[in-house]
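Below is one structure, written out as structure tokens; the observations come after it.
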């Protein structure tokens, strides 16, 4: 009771809250009025109030509106009605503003219904704005059409709303109507319309609008001129944007960034940096957006030096810990391949967001820090950090490289639950992930769930089939892709050639190479010609491969000669192989695969002295590959093995199972080198007891998984012929299905046969 008396005394000196007395309301400190004030108190004695009748109630109503307490405001309105307390027009105005801000269409309609006939023009405009902000354009148009007297503000409200809402035809129609009226469109209308011209289809009407702006004399206004430049940028006419920019008498930061964005979108990154340098020289204020665009241009140009100078300026301005600047820095260093600097930049961000985490995870993934990626992701999820679809896409890519089916499928489920599967891009990453994890069936399910697969999705599915040795299915998918009308790209044809290579489909590959440019508009690159050289070489058509090397419109690179050398090694063509090896070692003297192929070529030709000299040369040059490693997942736990591994807790059982299998290697092949033999300073092959890493993984799978379950093993190097034969033998004597993914492809072993047909 004392509180209400105090409130009454506080406002006893205030004038009535009518339209011409708004200043008194605006100066009141509404936050001091508690929202629990009620008209039910007997102390109010509403029916006996004098000239101050309703003043306190309207002030309180405005206070509730400004605090966005619409529910309480509604209840208070009903109480005022019961007590016959009038609602001031300004109170309605504030209520409608609150409805606009909160997009509360239902309450806004209730207020509209209370206004009765012929409300003041400013209130009708408030209703119009409320409907527009709530997206109820039909109601807005009805109010506009029924207005007895439209002010310029009325036209501005609805034209701007139509333009912002993408209803361009309606906006233009009203703009033409105002041109025929006694009113003159103000700059706000022109700026709203110019902002709504979003692509090249709007260029012609944008030109006309620009002419109209000049005609009515609204140029030489920085906001207007910037909007015109922005319109030309979005419509793809960068030259007109540049001309307009150069003619501007006054420019602000938005004007400069508009041009920088336009240049970046047009891949004119040098021009982007040119504008940045001019901004610095002309002492224009630099904001976060400017630095973001500039660093993007530096990354696109691989201009590390310029990027570091920009970084220095960011540090000088004290913006390095701001997430809006620190995140583009992380992205810049990641794209430059410097993950260490990216990590340092990331650590300086005071409050990294989901985009920051996505950028650094991409960096870790690029350098093969897959376990770190997964560890960071798990930490983010457990801490409740907001995640985005790009983070999940990065995790799918990590699981693809790491062949971690269990975690990948868990991440997939989590992404679905959170609604964070990126349309097309994320789905394509999942297709690749499942295919590389050995689950082509899951990859198919994802692919078939897509309504309209794009080029990347089709290519991922074709590549998945190719790597699993399903060449005919891959080529069938390619034909379906053609029929769907989706365009091919260079990677699509690499996948097609891979399928042909793994199945020995020489004639088909030739046809695809010849049709690339003519039928599909994709110009062949050195990669495509190398694929064709590989196809010829594997098929034993070594002279055709050499002819292609000599006739193709590119200088042969290391891969060209390596493919030919591989074919010579397979088909034991000593002289041509020696020539190919010489060319290859000139281009890449540190390629261990070249020495292995050359060693084996000499060995298969009975030239063991020459083979010994190759081995000696490798030792002198200290040439090694990464350590050969195979792994298998059993009961959600990954078990890794290296050559001759004795450290596994079940090593004794594993070696016992190998002995039980009674597999003998070919004596002749046993003398040759494999990639596993040059991974470190290991003993000679004859001392390794026939225990390449994939054999250990297969043996472990035999003793650790149900007899009806397939054994799926992954290896980081190419499988040797002996281990390939070993897997065939095991599948025959045990009846188990064995899947081995090496660095080249998948091998599916069943009943003593491999899906590759011994052609790999």
Breaking point among (1) closer than 24 Å to residue 558 by Cβ; (2) modelled with pLDDT under 95, for residue 496: (2)
Residue list for the range 606-637, restricted to those being part of a loop (DSSP other than H, G, I, E, B), modelled with pLDDT of 80 or more and more than 30 Å from residue 712 (Cα to Cα): 606, 607, 621, 622
Residues located in the range 222-250, provided they are under 19 Å from residue 284 (Cβ atoms), touching a helix residue (DSSP H, G or I) at 6+ places or on another chain (Cβ under 7 Å) and not in a helix (DSSP H, G or I): 248, 250
Residue identified as surrounded by fewer than 20 Cβ atoms within 10 Å (Cβ to Cβ) and modelled with pLDDT of 90 or more among 132, 211: 211
Residue check, residue 598 touching a helix residue (DSSP H, G or I) at 6+ places or on another chain (Cβ under 9 Å) and either within 19 Å of residue 721 (Cβ to Cβ) or exposed (fewer than 14 other Cβ atoms within 10 Å of the Cβ) (or both): yes
Residue match in the range 561-574 (condition: out of contact with any strand residue (DSSP E or B) (no Cβ under 8 Å at 6 or more places or on another chain), over 26 Å from residue 717 (Cα atoms) and surrounded by 19 or more Cβ atoms within 10 Å (Cβ to Cβ)): no
Residue in the range 421-437 that is touching a residue at least 12 places away in the same chain (Cβ under 8 Å) and touching a strand residue (DSSP E or B) at 6+ places or on another chain (Cβ under 8 Å) present: yes
Residue 184, sole failed condition from (1) part of a helix (DSSP H, G or I); (2) surrounded by fewer than 19 Cβ atoms within 10 Å (Cβ to Cβ); (3) over 39 Å from the mean Cα position of the chain (by Cα): (1)
In the range 73-126, the residues that are free of Cβ contacts under 8 Å to residues at least 24 places away in the same chain, in a loop (DSSP other than H, G, I, E, B) and either touching a helix residue (DSSP H, G or I) at 6+ places or on another chain (Cβ under 8 Å) or on the phi > 0 side of the Ramachandran plot (or both): 115, 116
Qualifying residue in the range 734-752 (condition: in contact with a strand residue (DSSP E or B) (Cβ under 9 Å, 6 or more places away or on another chain), assigned to a loop (DSSP other than H, G, I, E, B), surrounded by fewer than 23 Cβ atoms within 10 Å (Cβ to Cβ) and modelled with pLDDT under 75): no
Residue 757, sole failed condition from (1) closer than 30 Å to residue 624 by Cβ; (2) in a loop (DSSP other than H, G, I, E, B); (3) at pLDDT below 90: (1)
The range 649-663 - residue that is exposed (fewer than 14 other Cβ atoms within 10 Å of the Cβ) and within 48 Å of the chain's Cα centre (by Cα) and, of those, farthest from residue 702 (Cα to Cα): 649
Tally of residues being outside any loop (DSSP other than H, G, I, E, B) and in contact with a helix residue (DSSP H, G or I) (Cβ under 9 Å, 6 or more places away or on another chain) across the range 638-659: 12
Near pairs, Cβ below 9 angstrom, 6+ apart or cross-chain, from the range 48-72 (on the phi > 0 side of the Ramachandran plot and surrounded by 15 or more Cβ atoms within 10 Å (Cβ to Cβ)) to any residue that is at pLDDT below 85 and outside any helix (DSSP H, G or I): 54/16; 54/17
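The values are calculated or read from the model by the stated rules, or taken from the named source; none is laboratory data. Quick caveat, the model's predicted, so the values are computed rather than measured. Note that we place each Cβ from the backbone using ideal geometry, even for glycine, and neighbour counts take in every protein chain shown.
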